[in-house]
Amino acid sequence: MRKLRLVARSLFRNAWQAVPTIFVIVTLGFFLMQLAPGDAAEFMAAESGAATEEVIAIFRERFGLDLPLLTQLTNYYGELAHFSLGNSVRYGRPVAELIWQRLPATILLMGTALVIAAFLGLLFGTVMALTAGRLPDRILSVVSLVFYSVPSFWIGLMLIILFSVKLGWLPTGGAQTIGLQATGYDYWLDRARYFCLPALSLGLYYVALYSRLTRASVLEAKSFDYVKTAIAKGLSPSKVIRRHVLRNALIPITTLTNMHVAGMLGGAVVIETVFSWPGMGRLAYEAILARENTVLLGILIASSLTVIVVNALFDIIQSLIDPRVEVR
């Protein structure tokens, strides 16, 4: 019961801390975006084929881009006060609606990438620690270092060439088969074929970090007295590793994973562009091209809230893994 109260208190505290954080992020983001050349009015005029000064001025007046910057920022704060992220100039739809359509795809991609990175990192790191100094340790060290050294978009392109072009096993991009009317298992199997390569490309970069950290943690945990006592009592090596060693190795892994959520959001922009994945990162890329600052600010807010929520969840997970850690 006490643990539940601490969890509820932690969530409430994180929710209140999110308010000033979002305020600072919106303010800084708004002024930084003004440094980029061009605006949505120029893009819309150029797209319509009538990019004259008169037409651009009309578009700026219509979208409120001719107002002073402080007035524009105040108006945006007014939208946020009414729980609105404004409207997209290009799409003619509420920004919140656009983000809500893309956010699940990005969360699915990031979640799968984190699972792949953590699973392979724990597996590689454990094997490396148990065979320290021998051939498996050296081979896996080189493999993980290659994943860390190569950019994720290059890994994605190589995966497309191998699994899509050469072998023909997986699609080159998209989110699902066009026109497919499947439900249940068939639906998720089709979706898995499409997000397998993007998630793998995004997650392989972090495998090296997790494997090296797991290797160090397992080697350190093997030297603890309670592990030596468990071995002396006759427990099998697999049980010792599973019950005593890996539990302690998970603690730094969860901390590192928590720190990498924001980085994965940034990496998702590149990966979603390479694989034409309809997520929030690709929406951000399209908004940058169209100079849609309102959409970019909405994505910035949604990304910040996602990171805050994930940080709170990882604090709870870490307290469950390690009873010594209390949720505050």
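Observations on the model:
- If you go through the stretch 263-285 and keep only what is closer than 20 Å to SER88 by Cα and in contact (Cβ under 8 Å) with a residue 40 or more places away in the chain, you end up with PRO278, GLY279, MET280, GLY281, ARG282, LEU283.
- A search for C-beta distances below 8 Å between a residue of the stretch 80-109 that is over 23 Å from GLY266 (Cβ atoms) and free of Cβ contacts under 8 Å to residues at least 12 places away in the same chain and any residue that is open to solvent by less than 50 Å² (accessible area, probe 1.4 Å) and not aliphatic (A, V, I, L, M), counting only pairs 6+ apart in sequence or on different chains, returns PRO94/SER84; PRO94/GLY86; PRO94/SER88.
- Members of the stretch 102-140 found to be polar (S, T, N, Q) and modelled with pLDDT under 85, listed by number: THR126, THR131
- Selection within the stretch 134-173 - more than 16 Å from TYR205 (Cα to Cα) and among the hydrophobic types (A, V, I, L, M, F, W, C): LEU135, ILE139, ILE160, ILE161, LEU162, PHE163, VAL165, LEU167, TRP169, LEU170
- Exactly one residue among GLY156, GLY174, GLY184 is out of contact with any Pro (no Cβ under 6 Å at 6 or more places or on another chain), in contact (Cβ under 8 Å) with a residue 60 or more places away in the chain and farther than 22 Å from LEU120 by Cα, and that residue is GLY174.
- Selection within the stretch 154-190 - touching a helix residue (DSSP H, G or I) at 6+ places or on another chain (Cβ under 8 Å) and modelled with pLDDT under 80: GLY173, GLY174, ALA175, GLN176, THR177, LEU180, ALA182
- The set of residues in the stretch 97-112 being touching a helix residue (DSSP H, G or I) at 6+ places or on another chain (Cβ under 7 Å) and more than 15 Å from SER201 (Cβ to Cβ) consists of LEU98, ILE99, ARG102, LEU103.
- The lone criterion from (1) open to solvent by less than 40 Å² (accessible area, probe 1.4 Å); (2) part of a helix (DSSP H, G or I); (3) among the polar types (S, T, N, Q) left unmet by SER84 is number (2).
The values are calculated or read from the model by the stated rules, or taken from the named source; none is laboratory data. Here the structure is a predicted model, which means the values were calculated and not measured. All Cβ positions, glycine included, derive from the backbone under ideal geometry; neighbour counts span all protein chains shown. Calculation scope for accessible area: heavy atoms of the full protein, side chains included, ligands and nucleic acids excluded. Shrake-Rupley method; radii C 1.70, N 1.55, O 1.52, S 1.80 Å.
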